[in-house]
Amino acid sequence: MNDNVKPSLDTIKPAPLAYENKKFLDGPEGRALRILAEYQEPLVRFRREQIQDTVVFFGSARFHSHSAAQNVVEMLEKPGSRQVASPEWQRKMQRAHVDLQMARYFEDARRLAYLLTQWSLKIPSKRRRFVVTTGGGPGIMEAANQGAAEAGGPTVGLNINLPFEQMPNRYITPELNFEFHYFFMRKLWFAYLAKGLIVFPGGFGTFDELFEILTLAQTEKMAKRMVVVMYGREYWTKIVNFEAMAEMGVISPEDLNLFKIVDSPEEGFEYMKENLTKHHLPPQGGVERVPEIAKTRP
């Protein structure tokens, strides 16, 4: 002991509690706690809001409603906007017509989410069943959240914090509005409660999410039957040749039964309703089992 060290006469402030130390929590050493928080906090909220299971909608964030896409075309067609048919104007007009054509997927997603939610609200259950869930942003995500909200049901948004600030759409139920930092934790929650998946045309993100779920189903990593619908035969058969994959032996012919391609909201709803009822609802007059949130194979 050094007798020459004298205690300071100044008052020393208490150190921050570890769980209130923002520098620590935001640093590399706090990563494990941040990951755990993105598992535990949503779990608490889903239980509090009585969400037993979900149906997830994936699809492009770039699609717009028919009215919004039509407005862009009409604006570009105004005489003052033509700019003597410049190459830039022609490019914008071509893009606007493509957007108008693809707007049907926005409207169909909205309709399908409406039908699904309308049906799920009538299911006698102590908990909320087959709640429409999206990535929380614009495009197909907004369309599905809007359709569910218009049917009077709760709807989930699993947003992701990005540099260009993807904002949650206005149709998400406030208590079920989530924000994630880690993509893999967001993906976990897409799969965790889902009993059904509806995939609309989309880009890299949609393909990433679709094939991850198909891989989990193919390898039987989920202790449940995932009902997968791919919407829009024209798009999917043009973009991905699943039959050729089976012919070349990279997937089994049986793997083609992991999903069904549909072309209308009504067809998608009837297939989803039939299979969700078959695999995830008790028989007529049966007793509802206590749900096991996030049940997976050992």
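Inside the range 61-93, can you point out the residues that are under 19 Å from PHE200 (Cβ atoms), hydroxyl-bearing (Ser, Thr, Tyr) and assigned to a helix (DSSP H, G or I)? Hit for the range 61-93 is SER67, nothing else. Within the bounds of the range 231-246, is there any residue that is among the polar types (S, T, N, Q) and within 23 Å of TYR114 (Cα to Cα)? Looking for residues that are among the polar types (S, T, N, Q) and within 23 Å of TYR114 (Cα to Cα), one finds none in the range 231-246, hence no.
Of the residues making up the range 212-230, not a single one is of a type outside the set (A, V, I, L, M), under 18 Å from VAL262 (Cα atoms) and either modelled with pLDDT of 95 or more or under 20 Å from the mean Cα position of the chain (by Cα) (or both). Please specify each residue of the range 159-212 satisfying the condition of being free of Cβ contacts under 8 Å to residues at least 60 places away in the same chain, within 16 Å of MET141 (Cβ to Cβ) and hydrophobic (A, V, I, L, M, F, W, C). Hits for the range 159-212 are ILE160, LEU162, PHE164, MET167, ILE172, PHE183, PHE204, PHE207. Restricting the search to strands (runs of 3 or more DSSP E) fully inside the range 94-205 and requiring at least 3 residues that are surrounded by 21 or more Cβ atoms within 10 Å (Cβ to Cβ) gives 131-134, 156-160, 194-199.
The numbered conditions (1) surrounded by 14 or more Cβ atoms within 10 Å (Cβ to Cβ); (2) within 26 Å of GLU150 (Cα to Cα) are all true for ALA217 except (2). Among the residues examined, TRP89 qualifies as touching a residue at least 12 places away in the same chain (Cβ under 8 Å) and surrounded by fewer than 16 Cβ atoms within 10 Å (Cβ to Cβ).
The values are calculated or read from the model by the stated rules, or taken from the named source; none is laboratory data. Because the structure is a prediction, the values reported are computed rather than measured. As a convention, Cβ positions derive from the backbone with ideal geometry for all residues, glycine included, and neighbour counts pool all protein chains shown.
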